[in-house]
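Just so it is clear, none of the values below were taken in a lab; they were calculated from the coordinates. Note that this is a predicted model, so its numbers are computed, not measured. Here the Cβ is made from the backbone with ideal geometry for all residues, glycine too, and neighbour counts use every protein chain on show.
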Amino acid sequence: MGRLAPRWIAFLAALFLLGAIVAPRPQTRAQEPAVTPPAAGAGPIRENLFQAILQDLPPAPAFVRIVRIILQPGASVPLHTHPGPEFGRVENGVLTVRVEGEVVIAQATVAGTPQAPRVPPIGQEFDLVAGDQIVYPAEVPLSFSNLSQDPVSVMTAVILPAGSGRPPSSEWIEGTPGPEAMAGVTSEILGDAVAPGWPEPPFAVILDRLVLAPGEAIPARGGPVILSVELGRFGFALVDGQFQLSRGNSGPLAVATPGVPYILSPGDAVFFPGGMNEVPRPEADGVLVLVRFSVLNAGGAIPAPGQAPGQPATGQPTPAAGPAVADAVVNEAGVRLRATPSTTGEVVAELNAGREIIITGEAVEGDGILWLPIQATDDPAVTGFIAENFLDPAP
């Protein structure tokens, strides 16, 4: 897969926000986010929903959908496959899953400490709890159900072929289910897009949530990126370029009328194929909550699952020499930096979301987790080891 064509890359140079935006539009929604806005000037609060490093994605053009699935007690989705990867994170409840192929679970962190990845049994049911993340590779049969007494909410994303001659988006393994087979299952589409290209592999596929204080700018992001509004509204106009909008179940709408204002409300999403610059927001704007999906070039800074780690490290990471250019950023608050690559290693610092770091050596394995030796860009004395799932590639 080649790089994005130039016509897709630089089109956000003239993106700007409209003036003051009115209050959020009332809507009926499956789940309204409970948010604590950040202090003014503190930067956005970022919650990592899921992150996966893949060597392959369906070739462009590819269809991307972000969807929240709600399962009422007793509801289930029968065994099926997709021709592309599916990513999921349990938001609340207990999801019972069965797969007929190998998948990897990134378990929920505990007090800033990562838990070892888990490969569940094939052909047997297993449970995912709130905070667990899972990646289903293409063509792996999967089913899931809610065997509990409480509703289950799962945030998911799929990447599927969209070109001519593409296969069906899903296939049912045990025959097409009847009309009552998925009673109690509802879906809330958060964003749709057709990606015309990808960055170079390996790919970092990331879904996160941004909480922006009134007037706080929407941060820049490289690579194809979808912004879906969960709370609040924002508007923009494009002087030149291309983008796509989706509004609920509309599917992607290819629109790019220069100078025309667009207002996004809860349930709406915008897709920028080549990434986006920082978008300022007027002080009169209220709190804005966005779900952001992006595909970045991992650039070797964050190793792929299963990639052979380097030799076990001894002592402290080697400090970087030269200008402090960030390789990656911390993606959660309160992440523990440890003196050794182990969940029992001494905690030498706690890093907040957005902290920029330099990767100073090869990945090493400890306690079933890949660790990276790092140094903070703003303080060369801050060095140690951090679990790779707490890092995103630098923008």
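Tabulated data for the structure shown
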read-out: In the stretch 57-165, the GluC sites (Glu not before Pro) that fall in loop regions by DSSP, at most 15 other Cβ within 10 Å; value: GLU100, GLU102, GLU125, GLU139
read-out: Cα gyration tensor of the stretch 322-395 - equivalent ellipsoid semi-axes, whole Å, descending; value: 18, 12, 12
read-out: Gap separating the Cα centres of the stretch 191-255 and the stretch 347-379, nearest whole Å; value: 28 Å
read-out: FRET efficiency, ILE173 to LEU253 (Cβ-Cβ, R0 35 Å, nearest 0.05); value: 0.60
read-out: Alpha carbon centroid spacing (whole Å) that separates the stretch 267-283 from the stretch 67-126; value: 30 Å
read-out: Three principal axis lengths of the stretch 58-195 [C-alpha, angstrom, descending]; value: 46, 36, 29
read-out: Separation in nanometres of the label points that stand 7 Å from Cα toward Cβ, at ALA220 and SER148; value: 4.1 nm
read-out: Rel. contact order, % - alpha carbon contacts under 8 angstrom, at least six apart, the stretch 328-393; value: 36 percent
read-out: Prolate/oblate/rounded call for the stretch 127-219, Cα gyration tensor, a/c under 1.5 rounded; value: oblate
read-out: Sites GLU278 and SER164 - FRET efficiency at Förster radius 25 Å, r taken between beta-carbons, to 0.05; value: 0.10
read-out: Distribution of pairwise C-alpha distances over the stretch 326-365, 10 Å bins, in %; value: 29, 56, 15
